[in-house]
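Each value in this text was obtained by applying a stated rule to the coordinates, not by laboratory testing. For clarity, every value in this text was computed on a predicted model and none was experimentally measured. Reconstructed Cβ throughout: ideal geometry from the backbone, glycine too, with neighbour counts over all protein chains shown.
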Amino acid sequence: MTENAHETPGRPPSPREPAARTPAPAPGTPGGPGPRPEPLRFFGTTWLAHDGGYGARRAAVGLGSLLCAAAGAFVLKFAYEGIALADVGGLVNILLVVMFTLCTALAFARTWQNFTRRPDPAAQQSVRGLLAIGFLGTLLAQAVRCLSEAPGESLVRREYEEARARYEKRRAKGGPKPGAKGRGKPKRR
């Protein structure tokens, strides 16, 4: 570096300044060669080693989901009271309660399933309205799941471990390295 250049934390080096050399991460780490772990919403990749405030994040997400569910239930209570004041009839009141109960239960079940398997995008699109009406079920599923793990952690952990195993198997065979150019079968012309 020149005498006039000074380092500013968080600032990338300019093209004129030499970049600081950092050692290459070991295989199997998030910055190393091979598959990268998928970041989860609110957790990033802290789910991998349960570091970086993972426990606090889990507690915050669980508590936040419960608070949002309580606020949503409070709003639904006012909506129900408004319909009751409109005096539309007992059947409409019963249908409204049954509809919200069923949508909440279905949203809970759908969200819980999506924590362990990838949802089908077409099916997810078709039930979007149902999940919006049953938003309490989605929030409660998030809160309950935070008691044991980050929501969706078991799915991404399983996929990441399978990808790591495939990567290690390819490396052990000595086959073509992912991302390596000029190796493997030549292209037909």
Task: For Gly44, residues with placed amide H under 5 Å, excluding near neighbours - done: none
- [ ] Once you have the Cα-Cα distance between Arg158 and Leu67, take 0.36 nm times their residue separation minus that, and quote the gain in nm to one decimal.
- [x] 29.7 nm
- [ ] Enter the Cα centre distance for the pair segment 139-171 and segment 48-125, rounded to the nearest angstrom.
- [x] 23
- [ ] Mind giving me the FRET efficiency for Leu106 and Arg171? R0 is 35 Å, r the Cβ-Cβ distance, nearest 0.05 is fine.
- [x] 0.20
Task: For segment 87-160, the fraction of alpha-carbon pairs in successive 10 Å shells from zero, as % - done: 19, 41, 26, 10, 4, 1
